[in-house]
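Have a look at the structure below before the remarks.
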């Protein structure tokens with residue numbers, strides 16, 4: 001998306017702040033926490049990132065979001081286990 005150094009720093013700060021909160025979209029949810037509890041975190045992350053982007057970058061970001069694979073809570077298949 002051709003992010004500037006300043007944009008990358010801002011997005012890193014956003015992710016660091018969200019990392020302090022929970023649930024976090026990049027964590028692997030377990031049991032009943034799968035799916036829906038993460039949706040507000042993803043939405044908050046997406047909204048914060050969009051504020052940093054130019055109009056052209058926002059359009060590309062929105063296109064990338066459309067390709068995001070749905071999780072089990074959204075009717076998608078279960079995700080494979082992490083190799084880590």
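Observations
- Efficiency of FRET from Cβ geometry, residue 17 and residue 59, R₀ 25 Å, rounded to 0.05: 0.50
- What the Cβ-Cβ distance of residue 68 and residue 5 gives, at R0 = 35 Å and to the nearest 0.05, is a FRET efficiency of 0.85.
Any read-out appearing in this document is the output of simple, stated calculations on the displayed coordinates, not a laboratory observation. Bear in mind that the values here come from a model prediction, so they are computed numbers and not experimental data. Cβ sites come from the backbone with ideal geometry, for glycine too, and all protein chains shown count toward neighbours.
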